[in-house]
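Right, one structure below, let's go through it.
The values are calculated or read from the model by the stated rules, or taken from the named source; none is laboratory data. Here the structure is a predicted model, which means the values were calculated and not measured. A quick note on method: Cβ atoms are made from the backbone with ideal geometry, for glycine too, and the neighbour counts reach across all protein chains shown.
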Amino acid sequence: MKSANLVIALTKGRILEETLPLFAAADIVPAEDISKSRKLLFDTNLENVKLMLMRGSDVPTYVEFGSADMGVAGKDLILEHGCEGFYEPLDLRIAKCQLMTAAPVDAQAGSDTLKVATKFTNIAKRYFAEQGKQVELIKLNGALELAPSLGLADSIVDIVDTGKTLKANGLEPNDLIADISSRVIVNKASMKIKNAIIREILSKLSAAVKANS
């Protein structure tokens, strides 16, 4: 009897370039060159393991609802989505950056209600509530650094890597909200039903992470 497929959702782009070597070290290799294909679902060297490519923001949803058994997603997207529907057993320690508040250099305190532009509205809402600050959140999916200079917002909440983009737009990072890296997430039902193969993959990935550190 053929066992059921195990589907792992991977994030497209730069994170994928750091993810694939770890998976190769864990003996999971795509059957074809992912970078040269328009396909979204790939066979691997393991008969019952498939890799699925998608936008990082969709990975938690696919894993939560069981369309993917496992996934790799940034901690920022996991925090924004909420993690009730899956486990987060492993930090891959790749694609490291920070989620921070940022504001114009030498910004002066304005009104009681701070206007904050971000795509991470759930994270920002929780963070500022914990700080006891009253904010008006403005959802943007891009060009966040322009929001303060154009008067749309007083500050932003965004991913900071080198900080060069902030500096180029007259902003400076202020408060650290969370350290970010890519994590492995696992659907809760899959962890029970496909426990043996998932634990084997997690063990091999964990060893690859330690070797890579």
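Observations
- Residue in segment 29-37 that is farther than 20 Å from LYS210 by Cα, surrounded by 13 or more Cβ atoms within 10 Å (Cβ to Cβ) and in the same structural domain as LYS194 (by TED's automatic domain parsing) present: yes
- Unique match (being more than 16 Å from VAL184 (Cβ to Cβ), among the charged types (D, E, K, R) and without any contact (Cβ under 8 Å) to a residue 12 or more places away in the chain) among LYS36, LYS12: LYS36
- Test: residue in segment 190-206 that is assigned to a loop (DSSP other than H, G, I, E, B) and either within 17 Å of TYR87 (Cα to Cα) or at pLDDT below 95 (or both): yes
- Test: residue in segment 59-69 that is aliphatic (A, V, I, L, M), modelled with pLDDT under 95 and more than 22 Å from ILE180 (Cα to Cα): no
- Single residue of segment 107-151 satisfying the filter (at pLDDT 95 or above and assigned to a loop (DSSP other than H, G, I, E, B)) that is farthest from LYS75 (Cα to Cα): LEU140
- Test for GLU47: is it within 20 Å of the chain's Cα centre (by Cα) and either surrounded by fewer than 13 Cβ atoms within 10 Å (Cβ to Cβ) or farther than 25 Å from ASN174 by Cα (or both): no
- Residue check, ILE156 hydrophobic (A, V, I, L, M, F, W, C), under 20 Å from the mean Cα position of the chain (by Cα) and modelled with pLDDT of 95 or more: yes
- Residue in segment 161-170 that is in contact with a Leu (Cβ under 8 Å, 6 or more places away or on another chain) and surrounded by 15 or more Cβ atoms within 10 Å (Cβ to Cβ) present: yes
- In segment 22-44, the residue that is farthest from the chain's Cα centre (by Cα) out of those that are assigned to a helix (DSSP H, G or I) and over 23 Å from TYR87 (Cα atoms) is LYS36.
- For segment 171-188, the criterion of being in a helix (DSSP H, G or I), at pLDDT 95 or above and either farther than 30 Å from ASP154 by Cβ or not small (Gly, Ala, Ser) (or both) is satisfied by at least one residue.
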